[in-house]
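Participant: Before I ask anything, here is the structure I am working with.
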Amino acid sequence: MPVLKILFTATTSYVVLFLSAKLIGHKQIAQLDSFDYVTGITIGSIAAEMATDLENPWQSFTAMVVYMLLTWLMTMIGMHSLRSRKFLNGSPSIIMQNGRLFPKNMKKAKLDLSDFMVMCRQQGYFNLEDIHLAVFEYNGKLTILPTAASRPVTPEDLRLAPAQEEMSTEVIMDGRVLEENLRRMGLNAQWLSKQLKAQGIDSARKVFLGLCDSQNNLTVYPMEP
């Protein structure tokens, strides 16, 4: 039946698209280079055609697999060969250094002055004199190193030695206790219940989010009434 064929071809194309996305990796759209971007559009177009091609769906399926394998192969080549990586992704370009702009590098990177000024302002640099080094990365983002007088003051500048902060761990989400996270931190349900009661909460089901830091301090965000 045509409906069953469409269901099968659409499901198959969806699975192949998912596998293709996993091969490309966890990149945002802004981080995709031109090659990955064009490849993604091509694979998506073939997948859409395959979902409705009831006569010869295997032709589109074969083309998707070929594109997927070629994408994976190019990724592996780029990971293991520096020259290939530079050829495939390009290399960073120095746009500004020591108060001097480099028009040739801007032209090479297809970056005009207006776009450069916008990128600087987006990072909080409204005065170019505050920039020591500006590098246009191959993924289309601008990296800025401020001058020594313009960078934020750090604890090291003040000769302070603050304790290293660690990332908090979720122990309650949507009213459900994450017992695995508790065990990883060396804690248990009894400790959690005691901490909740100390904050006037009698059940984890009333907690939308519970976070525990490296010092075993529990921060609770209750459910909305």
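The values are calculated or read from the model by the stated rules, or taken from the named source; none is laboratory data. Note that the coordinates shown come from a computational prediction; the quantities given were computed from them, not determined experimentally. Ideal geometry is used to build each Cβ from the backbone, glycine not excepted, and the neighbour counts take in all protein chains shown. We work out accessible area using only protein heavy atoms, side chains counted, and drop any ligands, DNA or RNA first. Shrake-Rupley method; radii C 1.70, N 1.55, O 1.52, S 1.80 Å.
Participant: Please work out if Val118 is of a type in the set (Val, Ile, Thr), under 27 Å from the mean Cα position of the chain (by Cα) and over 30 Å from Phe8 (Cβ atoms).
Facilitator: Yes: the conditions hold for Val118.
Participant: Same structure again: Contact list please: Cβ distance under 6 Å, first residue in the range 92-113 and on the phi > 0 side of the Ramachandran plot, second residue modelled with pLDDT of 90 or more and open to solvent by 50 Å² or more (accessible area, probe 1.4 Å), pairs at least six apart or on different chains.
Facilitator: none
Participant: When the range 100-130 is examined, which residues are found to be more than 21 Å from Thr147 (Cβ to Cβ) and either hydroxyl-bearing (Ser, Thr, Tyr) or surrounded by 13 or more Cβ atoms within 10 Å (Cβ to Cβ) (or both)?
Facilitator: Matches in the range 100-130: Lys108, Ala109, Leu111, Ser114, Asp115.
Participant: Moving on to the next point. Which one of the conditions (1) surrounded by 10 or more Cβ atoms within 10 Å (Cβ to Cβ); (2) closer than 30 Å to Asn217 by Cβ; (3) in contact with a Ser or Thr (Cβ under 6 Å, 6 or more places away or on another chain) does Phe136 fail to meet, given that it meets all the rest?
Facilitator: Only one criterion in (1) surrounded by 10 or more Cβ atoms within 10 Å (Cβ to Cβ); (2) closer than 30 Å to Asn217 by Cβ; (3) in contact with a Ser or Thr (Cβ under 6 Å, 6 or more places away or on another chain) is unmet by Phe136, namely (2).
Participant: I need the full set of residues from the range 81-99 which are open to solvent by 70 Å² or more (accessible area, probe 1.4 Å) and modelled with pLDDT under 75, in order please.
Facilitator: Matches in the range 81-99: Leu82, Arg83, Arg85, Lys86, Phe87.
Participant: I would also like to ask the following. Please go through the range 16-41 and give me each residue that is open to solvent by less than 40 Å² (accessible area, probe 1.4 Å) and at pLDDT 70 or above, ordered by number.
Facilitator: Passing the criteria: Val16, Thr39, Gly40.
Participant: Can you give me the number of residues within the range 129-155 that are at pLDDT below 85 and within 27 Å of the chain's Cα centre (by Cα)?
Facilitator: The qualifying residues number 6.
Participant: Something else now. Looking only at the range 156-186, filter to residues that are of a type in the set (Gly, Ala, Ser) and surrounded by 10 or more Cβ atoms within 10 Å (Cβ to Cβ); which one of those is nearest to the chain's Cα centre (by Cα)?
Facilitator: Across the range 156-186, the extreme among qualifying residues is Ser168.
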